[in-house]
There are 2 protein chains.
Amino acid sequence: MRETLAEWRPAVDEAIADLVPREIDDDYLESFFGEPTYEYDSESIQQALADPLWELLDRGGKRWRAVLFLVFVDGFGEDPEEYLPYACIPEILHNGTIIVDDVEDGATKRRGGPALHHVYGQDVALNAGNAMYFLPLKILTENPADLPAEQRLAAYEMLMYELNRTHLGQGMDIYWHNECDTPVGTEEYLEMCACKTGCLARIVARLAAIITDQPAEVEEAVASYAELTAVAFQIGDDILDVENSLGRAGDFGKEFGNDVREGKKTLLVIHALEESPPEKARRLGELLEADENTDEEVLEALSILEEAGSIEYARERALDLAANARAELDAVAFDDETIQELEAFTTFVIERDE
Amino acid sequence: MRETLAEWRPAVDEAIADLVPREIDDDYLESFFGEPTYEYDSESIQQALADPLWELLDRGGKRWRAVLFLVFVDGFGEDPEEYLPYACIPEILHNGTIIVDDVEDGATKRRGGPALHHVYGQDVALNAGNAMYFLPLKILTENPADLPAEQRLAAYEMLMYELNRTHLGQGMDIYWHNECDTPVGTEEYLEMCACKTGCLARIVARLAAIITDQPAEVEEAVASYAELTAVAFQIGDDILDVENSLGRAGDFGKEFGNDVREGKKTLLVIHALEESPPEKARRLGELLEADENTDEEVLEALSILEEAGSIEYARERALDLAANARAELDAVAFDDETIQELEAFTTFVIERDE
């Protein structure tokens, strides 16, 4: 393995550039998409596909899905360099979902710039995002690790299974967002996270297990580790939004309390709705359902969450999930270094401050 | 085979209902998406997935992709009933692309009703459309025809190849639409059609060939038949838009000349831009680039197409493509009935009047 995880990033970006180069020409189009029946127009593919993809990647992102994949491969005793092209699969899938989610959520910003549909138009952004659901799967066909048919088939079936569940999770999230008065339970919220965020993490782990031919119980254990960690990550996000907002209470110039403004049913909200005195719970529901909130109203909602002990509750749930994630690793014969990296990751997802 | 092709439609809809039932419950969710880690919310999946899908299907559509698939299976000497679930794959993929394309194109109407994003909101419609890219592929995992790993792998790789090209075609179309002053050649236009419309037709043909284990040259021949027919279909569409519009010349109450209003670079437009006297060609370009056109301006553009002989030119190209499609069938040992059905289809796609 390279010295630090961050050192993998340039290598990952090179592998992505092998798949979708920054400059598109006819040679690339023919080698990747096959001979044209008539004639390709490389200029339109440059602008409709490669430019949006690289615009998003160049803005940042830690490529942690690719890096986590390589940690698993290394932990399974294989050379990560050899499996580098496969690291693009979860990474490009993830970036594709970001573009599409931003259109669905009407997001305006992403990684320090305007959301991609504000740069390229909704049509180009959406088509590029959707293309990124299929572009990286070409790697399984190119088969750089020379895998037998059974393993490649297992990889496709795993991807279809997880990508179906991803859309299930996104469907739950969107529906709850639109239908503000739908009551959402804790278990349903966790399921939404497990599907929407967890399935992409499961792809990272299961793909590493499948292509290095691990037994089913190992694949299941790392998939659970990844799912649990992803759900803890999502709850970490929910906590951060509230904590950073409370910290900015006196600083009305900045935007704060985004989740409350969006009426998002986070784990903290679900807890507070159940645990607050009836009058407070009713008021919280009212504030979340409102189309717009004043800064004072946002603060009121945040203080209801605080009084109900919802921040502590959510942190405990996240810590439990992270501990369960670590416990899954017992079933796998990883070396100490891999265990340390994977354990550190379960802590990072909750303790990060951005 | 059933007596007439239309008789297959109810059976196809039943097969689709086996995949995504009209009424979603927890039992279905567990059997299709696997055991939940926590708890599903069937109500949100009903509204976010099943309702949009069935709303679109119940509005009509001839299910011709499913039926054409069954004609191929029958022609290959196999029992179509046995392979019925696989007919859902191209059909649901197609309906998914319709939902997504309508968002990308900002369409307002679809099959006699509002476009789906106007009924369910853009977020729900998009997620449902995207989910339909993955839902039907579950059939390959369920494996009702008990196919060996090699054939299932071949089906996945074929699907990924064709779906990648579909997004390539859509990317070309969108880019040309946005960048009005990009010159588009005939060969590039045909390539866009071959990718955008042709690849879904190729999926119909190739899937039938793969799952019934045909030799490579047969798969290639039916794929070419399907692609050529699809491109002829697209040109038929372009001709219809102009002919119906000219027929309505005196009837300003109705909308006409949609392609001109959208500034679409159809085969007719490309021909007229190349073949008209310079002054007429310049004026046509100007009319197409304008954000809005009066009815008189639309008529002016249509008459430039007519004077350039672009309608006849496009019809000849479509007839050539249809003839080439029929010629591809010579390489396959189909019985006379199958040949007749497939030949009739190549004529229908050009001669239809809606």
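Name the residue, out of A:G257, A:G309, that is modelled with pLDDT of 90 or more, on the phi > 0 side of the Ramachandran plot and either among the β-branched types (V, I, T) or assigned by TED's automatic domain parsing to the domain that holds A:I350 (or both).
A:G309
If you check A:I235, A:I239 for being more than 9 Å from every other protein chain (Cβ to nearest Cβ), touching a Ser or Thr at 6+ places or on another chain (Cβ under 9 Å) and at pLDDT below 95, only one passes: A:I239.
Being modelled with pLDDT under 95 and either of a type in the set (K, R) or more than 12 Å from A:C180 (Cα to Cα) (or both) is the filter here, so list the residues in segment A:275-295 that pass it. Scanning segment A:275-295 gives A:E292, A:N293, A:T294, A:D295.
Just give me the residues in segment B:18-41 being farther than 20 Å from B:G121 by Cβ and more than 10 Å from chain A (Cβ to nearest Cβ), in sequence order.
Result: B:D18, B:L19, B:P21, B:R22, B:E23, B:D25, B:D26, B:D27, B:Y28, B:E30, B:S31, B:E35.
A:Y38 meets the conditions (1) surrounded by fewer than 16 Cβ atoms within 10 Å (Cβ to Cβ); (2) over 21 Å from the mean Cα position of the chain (by Cα) in every case but one. The failed one is (1).
Within segment A:292-323, the set of residues being more than 18 Å from A:T186 (Cβ to Cβ) and among the charged types (D, E, K, R) comprises A:E292, A:D295, A:E296, A:E297, A:E300, A:E306, A:E307.
Residue count for segment A:153-177, restricted to those that are at the interface with chain B (Cβ under 7 Å from one of its Cβ atoms), more than 19 Å from B:Y161 (Cα to Cα) and among the charged types (D, E, K, R): 1. Looking at this structure, is B:L268 farther than 25 Å from B:Q170 by Cβ and touching a residue at least 40 places away in the same chain (Cβ under 8 Å)? Spelling it out, it is not the case that B:L268 is farther than 25 Å from B:Q170 by Cβ and touching a residue at least 40 places away in the same chain (Cβ under 8 Å). Scanning segment B:121-133 for residues that are assigned to a helix (DSSP H, G or I) and closer than 13 Å to B:L49 by Cβ turns up B:D123, B:V124, B:A125, B:L126, B:N127, B:A128, B:G129, B:N130, B:A131.
Residue count for segment A:102-128, restricted to those that are at the interface with another protein chain (Cβ under 9 Å from one of its Cβ atoms), more than 19 Å from A:P21 (Cα to Cα) and not polar (S, T, N, Q): 7.
To keep it simple, each residue is scored yes or no on (1) of a type in the set (A, V, I, L, M); (2) within 20 Å of the chain's Cα centre (by Cα).
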residue: A:N130; (1), (2): no, yes
residue: A:K138; (1), (2): no, no
residue: A:P144; (1), (2): no, no
residue: A:Y156; (1), (2): no, yes
residue: A:L163; (1), (2): yes, yes
residue: A:L168; (1), (2): yes, yes
residue: A:E179; (1), (2): no, no
residue: A:G185; (1), (2): no, no
residue: A:E188; (1), (2): no, yes
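Quick grid of which residues meet (1) assigned to a helix (DSSP H, G or I); (2) surrounded by fewer than 21 Cβ atoms within 10 Å (Cβ to Cβ); (3) under 26 Å from the mean Cα position of the chain (by Cα):
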| position | (1), (2), (3) |
| --- | --- |
| A:A223 | yes, no, yes |
| A:L228 | yes, no, yes |
| A:V231 | yes, no, yes |
| A:L246 | yes, yes, yes |
| A:F256 | no, no, yes |
| A:V260 | yes, no, yes |
| A:R283 | yes, yes, no |
| A:E297 | yes, yes, no |
| A:A301 | yes, no, no |
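Taking the criterion of being in a helix (DSSP H, G or I) and either buried (at least 24 other Cβ atoms within 10 Å of the Cβ) or among the charged types (D, E, K, R) (or both), the residues of segment B:212-221 that qualify are B:E217, B:E219, B:E220.
Give B:V73, B:V12 a once-over and let me know the one that is crowded, with 17+ Cβ neighbours inside 10 Å, more than 30 Å from A:G169 (Cβ to Cβ) and among the hydrophobic types (A, V, I, L, M, F, W, C). Break it down stepwise before answering.
Working: B:V12 fails: more than 30 Å from A:G169 (Cβ to Cβ).
Exactly one residue qualifies, and that residue is B:V73.
The values are calculated or read from the model by the stated rules, or taken from the named source; none is laboratory data. A quick note: this is a predicted structure, and the numbers were derived from the prediction, not measured. Cβ atoms come from the backbone with ideal geometry, glycine included; neighbour counts cover every protein chain shown.
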